[in-house]
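The values are calculated or read from the model by the stated rules, or taken from the named source; none is laboratory data. Because the structure is a prediction, the values reported are computed rather than measured. As a convention, Cβ positions derive from the backbone with ideal geometry for all residues, glycine included, and neighbour counts pool all protein chains shown.
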Amino acid sequence: MSLQAVIFDVDGTLADTEEAHRQAFNEAFGEFGLPWRWDAGLYVELLAVAGGKERLRHYCDRVDPARLQAPGGAAFIARLHERKTELYNRRVARGEVSARPGVKRLIRELLDGGVRLAIATTTSRANVDALLETSFADLPAGSFGAIGAGEQAAAKKPAPDIYRWTLRELGLAAHECLAIEDSGNGVRAAAGAGIAVMVSVNSWTRADDFTGALRVLPDLDGVDLALLRRLVR
């Protein structure tokens, strides 16, 4: 069966978003009067926890469990994450987030070649929309036929739920698709759904375990449709 669709992760795959996310977390912490600060080294560790709200809950449980366990603890995390999302999207709107090398060219080549595109991410739909409406605004409207975001799957990567949801939206079988990811969690999520996966690694994920990936590349600059078709046969 030939390649019918390519499913992209977002953060670190479509765009270099993680530094903007980290800064938005720290800005939110300051606004809420929290003594927390996530430097780059700590953030690399925390990226093992998929989903921004889940990452906040994990960290709070680690450094201030009483706050999390107190009445209103879950609501506090939700408010903090909501504000962080607003601050992140403000940074995206200011043009602080850029597409990763080769991504837009490959997307256009796939569309021209009749390959469908989708997104499977643990980030919120608001974050996805903000990115598509700014950094990717020059792509054809409706480039992504299915967008699976954090709201569509309670279990985040490395659970395969978001990929299974995306396959249902596309109406395709796993063997007809290829996932492009940047993290070990993403590789395990795609593989768990039976989808072949290749990796475009970045500075935040280069130490991850990519066992199971068909290819691990520094970016998508040299990737074309012919290569992807060879990977999925």
Single residue of 116, 94, 168, 105 found to be over 22 Å from residue 48 (Cα atoms), of a type in the set (Lys, Arg) and at pLDDT below 95: 94
Of all residues making up region 26-58, the number that are under 14 Å from residue 76 (Cα atoms) and of a type in the set (Phe, Trp, Tyr): 2
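Assigned by TED's automatic domain parsing to the domain that holds residue 180, under 17 Å from residue 224 (Cβ atoms) and without any contact (Cβ under 8 Å) to a residue 60 or more places away in the chain: is that true of residue 125 in this structure?
No.
Rundown of residues vs (1) aromatic (Phe, Trp, Tyr); (2) buried (at least 21 other Cβ atoms within 10 Å of the Cβ); (3) more than 25 Å from residue 98 (Cα to Cα); (4) out of contact with any helix residue (DSSP H, G or I) (no Cβ under 8 Å at 6 or more places or on another chain), yes/no style:
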{"residue": "113", "(1), (2), (3), (4)": "no, no, no, no"}
{"residue": "118", "(1), (2), (3), (4)": "no, yes, no, no"}
{"residue": "135", "(1), (2), (3), (4)": "no, yes, no, no"}
{"residue": "160", "(1), (2), (3), (4)": "no, yes, yes, no"}
{"residue": "167", "(1), (2), (3), (4)": "no, yes, yes, no"}
{"residue": "170", "(1), (2), (3), (4)": "no, no, yes, yes"}
{"residue": "177", "(1), (2), (3), (4)": "no, yes, yes, no"}
{"residue": "193", "(1), (2), (3), (4)": "no, yes, yes, no"}
Strands (runs of 3 or more DSSP E) (entirely within region 123-233) containing at least 3 residues that are among the aliphatic types (A, V, I, L, M) and more than 21 Å from residue 81 (Cβ to Cβ): 177-181, 196-200
